[in-house]
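J.: Sharing a structure below in structure tokens format, with a few things to ask.
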Amino acid sequence: MAAVVRGKAKLSAMAPKGSLVSTTLTAFAFLLACVALPSLSSPFSSFDDYDRDLSRKFEIDDDMFRKDGEPFQIIGGDVHYFRVHPEYWEDRLLRAKALGLNTIQTYVPWNLHEPRKGHLVFEGIANIVSFLQLCQKLNLLVMLRAGPYICAEWDFGGFPAWLLSTEPALKLRSSEPDFLELVEGWWGVLLPKVAPLLYENGGPLIMVQIENEFGSYGDDKAYLHHLVTVARRHLGENIILYTTDGGSRENLEKGTIRGDSVFSAVDFSTGDEPWPIFELQKEFNAPGKSPPLSASLFFCAFKIAHRVYSFREFYTGWLTHWGENIANTDATFTATALEQILSGNGSAVLYMAHGGTNFGFYNGANTGGNESEYKPDLTSYDYDAPIRESGDVENDKFKALRRVIKKYSATSLPSVPPNNEMTGYGRIQLEKTAFLFDILFTKGHTRMVKSENPVSMEATGQMFGFILYVAEYISKDKSVLSIPMVNDRAQVFVTCPSGNTERPRYAGVIERWSNKPVDLHYTKCDSKVENMGRVNYGPYLFDRKGILSAVYLDGNPLLNWKMLTVPFHNLNEAQKSNPIFRDAYSNFIRISAHEKMKDAHEVSPKEPAFYAGRFVVDNKKDTFISFSGWGKGIAFVNEFNIGRFWPAILEVESPNSELVVTSVDRPDFMCGSRSSR
């Protein structure tokens, strides 16, 4: 994969202009990055606080969108505030404007804003109000996809993972009272924050989406009606509420509400003939209330029981799972499909205009015909969009789409900004600072849960990252360990009897998608299980993590487990409070003072460890990190959780032999020694 570290967005925000920037890179074989984030908030607290301008009106009439009484063609694109560092929000929006867009569409991920029940976050990268105000400043309208479910290749489809710890288990995306109560609580916080920014109140918000592609999941009309009621309570009667469903009769019948309580929009694959789908759309809207709109929603296709199902939309590119070729789509084909819609005065929203990055642990995943056909998404969410992950616009797709949009835009297009200059800062020497197991067992920085059988990660109170499962067994010359249900990837280590100074030995890995048993020796069995991203779409959305079944040794259940949490901080959590990170970093300070860490003898080459390095930036520019030769882990820069790295083909958890990562001036998806996948 390519881990993107941008000079302005990641490395230099904490230093005054023109100064040297000392930047720390720490790796946890795993790799260890944080920035001062702006904290802006809305001056308004509720819908009623804002004096409405009665001359401002965005409505639907005569099968057209009308803005202040005049016909209006939406030419929009998705830009997700949570996938772009706040320092680059304006840069990316200006590039979207130069593409010719007049409207920005964005999701709102519930889990970003309420990572723990009752703990609300609206600062930094989660400052949605600041993002909306910036759209308004740049004269861009906004379509807000408020969820509560969003899909979006985002962990758990935007639902907070603590929903999975509720007992009895919630029925997600339904009219079940316990679930609706939680949704009402969330929307009771979110919607009053954005209500002052509705178009009629002088803001940029013209439409608010409820749910997301619900027709591909269920048909609970009471649920949809309840969402409409809650939205109207907080946003008033004038805002256009909309649903988006794949352009088939079945999807629309199940996923929307006939009549005028919501506007039923459609999405479909690039290349599909749009106008028959727009005609079908009219059947589900009130007469005169069905302007043709291809509302961008997420497109993903995968095989289920030898049939292909898909979210359909006007998409500009495609997602990539670990182990797949980096996705790309033809620029001319995409532009031609867009012109089919715009030439008939239809409206369209590009998914994505700019993809960005799945920072932290928030990447999502897909499944196939069963839960084991698990496909987690890359940290990169470039999506082959016209505005690339790095912000580059000097590409064929941007130019082709801009040529088409220019023909139909009601206003002249701004000039195109140049690409941000990239640089490579060269080799960054790392030092091993600590073994993960040493920190967990000697520092007391982890919470322990004991149980006869393993319990899920969520049941221990930890939602992301890793969890360590520990059990003991009577040793034999050889035993076989099997775990029928592990989500998502368990590295198995064994240790000798008490008193032996030998370090944990790597025994093998059990993966959700292959589930092969592991041969064991010695007495104690440790299994470190990684959550690689929760499923964001489909029938297996309820995706708990960790060991979800009994563990068997030679066919017999292995009992009496200890679960130790490994609490690495996520994108929207305070970095300085993380004790594991703090200990690893303090070791780096000591090592930097020329006190070398002494490796224990016979260290397993795959034993998880922290590595840290430092480099100085004297000319602040954007850069990428190359992990060529490394294995699998997490990258932080200045304590900011960039996300995961992993070679796409070769299974390696050992460090680069020279303990070096490299700052380069272009993406590097190689990672291992082979393949561009």
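J.: Taking the criterion of being touching a helix residue (DSSP H, G or I) at 6+ places or on another chain (Cβ under 7 Å) and over 27 Å from Asn531 (Cβ atoms), would at least one residue in the range 145-167 satisfy it?
T.: no
J.: Sticking with this structure for a sec: Could you look through the range 269-288, keep only residues that are open to solvent by less than 80 Å² (accessible area, probe 1.4 Å) and either of a type in the set (Gly, Ala, Ser) or assigned to a loop (DSSP other than H, G, I, E, B) (or both), and pick out the one that is nearest to Gly255 (Cα to Cα)?
T.: Phe284
J.: Is there a residue being in contact with a helix residue (DSSP H, G or I) (Cβ under 9 Å, 6 or more places away or on another chain), open to solvent by 10 Å² or more (accessible area, probe 1.4 Å) and either of a type outside the set (Ser, Thr, Tyr) or modelled with pLDDT under 75 (or both) anywhere in the range 71-82?
T.: Yes, that holds for at least one residue.
J.: Any residue that is in a loop (DSSP other than H, G, I, E, B) and surrounded by 24 or more Cβ atoms within 10 Å (Cβ to Cβ) - is there at least one of those in the range 93-103?
T.: Checked the range 93-103: at least one residue is in a loop (DSSP other than H, G, I, E, B) and surrounded by 24 or more Cβ atoms within 10 Å (Cβ to Cβ).
J.: Given the condition within 27 Å of the chain's Cα centre (by Cα), among the charged types (D, E, K, R) and open to solvent by less than 10 Å² (accessible area, probe 1.4 Å), answer yes or no: does some residue in the range 214-224 qualify?
T.: Scanning the range 214-224 turns up no residue that is within 27 Å of the chain's Cα centre (by Cα), among the charged types (D, E, K, R) and open to solvent by less than 10 Å² (accessible area, probe 1.4 Å).
J.: Within the range 617-655, restricting attention to residues that are modelled with pLDDT under 80 and charged (D, E, K, R), which residue is surrounded by the fewest Cβ atoms within 10 Å (Cβ to Cβ)?
T.: Ranking the qualifying residues of the range 617-655, first place goes to Glu651.
J.: Just give me the residues in the range 438-477 being in contact with a Ser or Thr (Cβ under 9 Å, 6 or more places away or on another chain), in a helix (DSSP H, G or I) and either open to solvent by less than 60 Å² (accessible area, probe 1.4 Å) or closer than 15 Å to Lys528 by Cα (or both), in sequence order.
T.: Hits for the range 438-477 are Ile439, Leu440, Glu458, Thr460.
J.: Have a look at Gly508, Gly546 and point out the one that is over 22 Å from Lys450 (Cβ atoms) and either under 30 Å from the mean Cα position of the chain (by Cα) or open to solvent by 50 Å² or more (accessible area, probe 1.4 Å) (or both).
T.: Just one listed residue meets the conditions, Gly508.
J.: Continuing with this model, one more query. Kindly provide the set of residues from the range 173-213 that are open to solvent by less than 30 Å² (accessible area, probe 1.4 Å) and among the basic types (Lys, Arg), ordered by number.
T.: Once the filter is applied, which keeps residues that are open to solvent by less than 30 Å² (accessible area, probe 1.4 Å) and among the basic types (Lys, Arg), the range 173-213 yields only Arg173.
J.: Give Asn487, Asn531, Asn515 a once-over and let me know the one that is at positive phi and among the polar types (S, T, N, Q).
T.: Only one candidate passes the filter, namely Asn515.
J.: Still on this structure, I have one more. Mind listing whichever residues of the range 417-437 are more than 17 Å from Phe627 (Cβ to Cβ) and either surrounded by 16 or more Cβ atoms within 10 Å (Cβ to Cβ) or charged (D, E, K, R) (or both)?
T.: Asn420, Glu421, Met422, Thr423, Thr433, Ala434, Phe435, Leu436, Phe437
J.: Let me ask something additional. What pairs come up if the first residue lies in the range 381-395 and is more than 25 Å from Phe361 (Cα to Cα) and of a type in the set (Val, Ile, Thr), the second is open to solvent by 20 Å² or more (accessible area, probe 1.4 Å) and at pLDDT 95 or above, and their beta carbons are under 8 Å apart, counting only those six or more places apart or on different chains?
T.: Pairs found: Val393/Val416; Val393/Pro417; Val393/Asn419.
J.: Are there any pairs with C-beta distances below 9 angstrom linking a residue in the range 147-167 that is open to solvent by 10 Å² or more (accessible area, probe 1.4 Å) to a residue that is in a loop (DSSP other than H, G, I, E, B) and among the acidic types (Asp, Glu), with the two at least 6 apart or on different chains, and if so which?
T.: Trp162/Glu114
J.: Are any residues in the range 389-419 under 19 Å from Gly346 (Cβ atoms), of a type outside the set (A, V, I, L, M, F, W, C) and part of a loop (DSSP other than H, G, I, E, B), and if so, which ones?
T.: Within the range 389-419, Ser409, Thr411 meet the criteria.
Yes or no, residue by residue, for (1) at pLDDT below 95; (2) farther than 30 Å from Gly157 by Cβ:
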position	(1), (2)
Thr411	no, yes
Pro417	no, yes
Gln429	yes, yes
Gln462	yes, no
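J.: For the range 49-108, which residues satisfy the criterion of being among the acidic types (Asp, Glu) and closer than 29 Å to Val637 by Cα?
T.: Asp78, Glu87, Glu90, Asp91
J.: Right, next: Yes or no: Ile405 crowded, with 16+ Cβ neighbours inside 10 Å and modelled with pLDDT under 95?
T.: It is false that Ile405 is crowded, with 16+ Cβ neighbours inside 10 Å and modelled with pLDDT under 95.
The values are calculated or read from the model by the stated rules, or taken from the named source; none is laboratory data. None of the values given here were measured: they were computed from a predicted structure. Reconstructed Cβ throughout: ideal geometry from the backbone, glycine too, with neighbour counts over all protein chains shown. Protein only, heavy atoms only, side chains kept; ligands, DNA and RNA dropped before computing areas. Shrake-Rupley method; radii C 1.70, N 1.55, O 1.52, S 1.80 Å.
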